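The structure appears below as structure tokens.
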Ligand SMILES: [Cu+2]
């Protein structure tokens, strides 16, 4: 019976269409941090640098985490002399280049923590790119700067 099961599984895998395969990821990330939310707040920001060693531009199109209900891609823009955050659909990572998500610019906006978040713990992030590839990361929790 076991052999038959393996045989069936084998033929099932064989007939999976190639599009179902997750692409090998070409993007590398470092300096991955998420800020501990301010007391009483349920939203916080995350930052990282994405490097693209490939010859093709890639886009970061979504980020998910078990530790947050929702994550959006944001940037800052000047509107009437005021800095405002706006959501973006994707973040370009130039071919043979990099993009930095950092305070005052592009960032991750993370909503509704699903667990307690303490300094130096880590939270998982799953990055999705426009070619279907995914990158699994651990972000270190850091305290927000004092004002
Ligand atoms: Cu934001």
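The values are calculated or read from the model by the stated rules, or taken from the named source; none is laboratory data. Because the structure is predicted, anything quoted here is derived from the model rather than measured. Backbone-built Cβ (ideal geometry, glycine too); neighbour counts: all protein chains shown.
Remarks
- Selection from the stretch 77-104 of residues that are within 16 Å of the ligand (Cβ to nearest atom) and outside any strand (DSSP E or B): 88, 89, 90, 102, 103, 104
- When the stretch 105-134 is filtered for residues that are within 11 Å of the ligand (Cβ to nearest atom) and loosely packed, with under 14 Cβ neighbours inside 10 Å, the ones remaining, listed by number, are 105, 111.
- Residue in the stretch 60-76 that is in a loop (DSSP other than H, G, I, E, B), away from the ligand (no atom under 15 Å from the Cβ), loosely packed, with under 12 Cβ neighbours inside 10 Å and modelled with pLDDT under 95 present: no
- Hey, residue 137 within 22 Å of residue 53 (Cβ to Cβ), within 16 Å of the ligand (Cβ to nearest atom) and at pLDDT 95 or above or not: no
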